[in-house]
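Read through the structure below, which is laid out as structure tokens, and then see the notes.
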There are 2 protein chains.
Amino acid sequence: MIDYNNKKYICLLDFGVEFIRGKWKAVILCHLYKGPIRFLELQRTVKGISQKVLNDKLKELEQDGLIIKNIYAEIPPKVEYSLTDKGKDITRIIKEIEDWSIQYYPDLKDSCKQPD
Amino acid sequence: MIDYNNKKYICLLDFGVEFIRGKWKAVILCHLYKGPIRFLELQRTVKGISQKVLNDKLKELEQDGLIIKNIYAEIPPKVEYSLTDKGKDITRIIKEIEDWSIQYYPDLKDSCKQPD
DNA sequence: CCGAATCCTCCCCGATACTG
DNA sequence: CAGTATCGGGGAGGATTCGG
């Protein structure tokens, strides 16, 4: 049992999955993998995410040490986000899930949809 | 945009992650990777999961085609769960997340916990 | 351009009790 | 031993507004 940040994790796998939990983190990381990117550009790329949620998730990812936030003291403000090594490593794994999804997509499409 | 089972997915990655979403699915799959296992034995192994949730998750995984449910017509009832090829493939990826977690655990422990 | 604050909704999950 | 039914709390995330 791992006790961490006021949460309980039953094993290291559970603990590790925590860092990409939720609908958006995996997608965000994958987009960051292409290189540093600004907030608005990221929001445009990750279609459908609200400003609030994107902000929340970026903050979490930064606190977890998966991404770095670079603030440029300019007018208008410029902020760029990029992956750390730790973040790059897990993003590579995430991309395997994407490959898996692509490989099995035709199959998954059928098995999941229940016939009426 | 992928429309599937009354849910919307923004991309194939989002779609793929859906199959292991939640606190338990990844852990369950990893335990099944060792070989076929019965319900109660699985519940004992996946510490802390309730019967209801384990049942729900197994049903979802079966519908998704990631696991197979083998029912033996015996008294008392015997049911064994095992991975399909599709399930094995994604479980291998999940195990990489576990490795990542192990590798970075000391680091993660520090970065995540905010100093007061 | 960036992000904090508020409010609200939905669904994951836990606890408990019951059936074959 | 295996699975179902019901109730309820809490967290994730969407819409909107406001501040630097």
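General remarks:
- Test: residue in the range A:30-52 that is within 21 Å of residue B:89 (Cβ to Cβ) and surrounded by 13 or more Cβ atoms within 10 Å (Cβ to Cβ): yes
- Residues within the range A:34-91 that are within 7 Å of DNA strand C (Cβ to nearest atom) and either within 13 Å of chain B (Cβ to nearest Cβ) or part of a loop (DSSP other than H, G, I, E, B) (or both), tallied: 3
- Residue A:23 meets each of the listed conditions (1) more than 19 Å from residue A:86 (Cβ to Cβ); (2) in a helix (DSSP H, G or I) apart from (2).
- Output for the range A:37-66, where each listed residue is touching a Leu at 6+ places or on another chain (Cβ under 9 Å), more than 12 Å from residue A:87 (Cα to Cα) and more than 12 Å from DNA strand D (Cβ to nearest atom): A:42
- Selected residue [in contact (Cβ under 8 Å) with a residue 40 or more places away in the chain and touching a Ser or Thr at 6+ places or on another chain (Cβ under 6 Å)] from A:81, A:33: A:33
- Criterion (away from DNA strand C (no atom under 14 Å from the Cβ) and under 30 Å from residue A:43 (Cβ atoms)) met by exactly one of B:16, B:22: B:16
No value in this document is a laboratory result; all are computed from the given coordinates. As the structure is a computational prediction, the values presented were derived from the model and not from experiment. Note that each Cβ is placed from the backbone with ideal geometry, even for glycine, and that neighbours are counted across all protein chains shown.
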